[in-house]
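One structure is given below, encoded as structure tokens.
The values are calculated or read from the model by the stated rules, or taken from the named source; none is laboratory data. It should be emphasised that the depicted structure is a prediction, and the values quoted were computed from it without experimental measurement. Here the Cβ positions follow ideal geometry from the backbone for every residue, glycine too, while neighbour counts run over all protein chains shown. These accessible areas exclude ligands, DNA and RNA; they are computed on the full protein's heavy atoms, side chains included. Shrake-Rupley method; radii C 1.70, N 1.55, O 1.52, S 1.80 Å.
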Amino acid sequence: MPQDHTERRVVVTAPPRRTRRASGYYRPRTEIDEQTTLGHTYVRSLMRTQLRAALTVFAILGLLVGPLPLLFAATPGTGRLEWAVLGFGLYAPLVLLARWYVRRAERNERDFVRLVEDR
């Protein structure tokens, strides 16, 4: 019986199930767990971005609420305007600021996790 010496072709359609890592593979999670200087830098970067978001909200809130005493002193009234502004006028901006801050903080954390995890 004659043997066929043609090469067989193998088609791989899926990604490999197991990959071997190089010996010097870089792992940010290990750097953080072992509290190295690089891990400290990662955590400090996350904290800095969270602080920046908090200070932004604080500044906007200060600009929004800060001038109100001057506005109230400039307009004579019985106090109904003050309560209307404080009770109804500030509610929507405060909710929007809080919503923005929570979304920003979650996005910062999600970006940090994506950076740290082995993907």
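Here is how the numbers come out for the structure above:
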{"item": "Count of residues meeting criterion [part of a helix (DSSP H, G or I) and either in contact (Cβ under 8 Å) with a residue 24 or more places away in the chain or under 21 Å from residue 98 (Cβ atoms) (or both)] in segment 59-72", "result": "8"}
{"item": "Test result for residue 102, in a helix (DSSP H, G or I) and at pLDDT below 85", "result": "no"}
{"item": "Count of segment 73-97 residues which are at pLDDT below 85, assigned to a helix (DSSP H, G or I) and among the β-branched types (Val, Ile, Thr)", "result": "1"}
{"item": "Residues of segment 63-119 that turn out to be β-branched (Val, Ile, Thr) and under 20 Å from residue 50 (Cβ atoms), as a count", "result": "3"}
{"item": "Subset of segment 81-97 [without any contact (Cβ under 8 Å) to a residue 24 or more places away in the chain, closer than 25 Å to residue 46 by Cα and open to solvent by less than 80 Å² (accessible area, probe 1.4 Å)]", "result": "95"}
{"item": "Long-range neighbours under 6 Å by Cβ, at least six apart or interchain, first residue in a helix (DSSP H, G or I) within segment 26-47, second open to solvent by 60 Å² or more (accessible area, probe 1.4 Å)", "result": "31/38"}
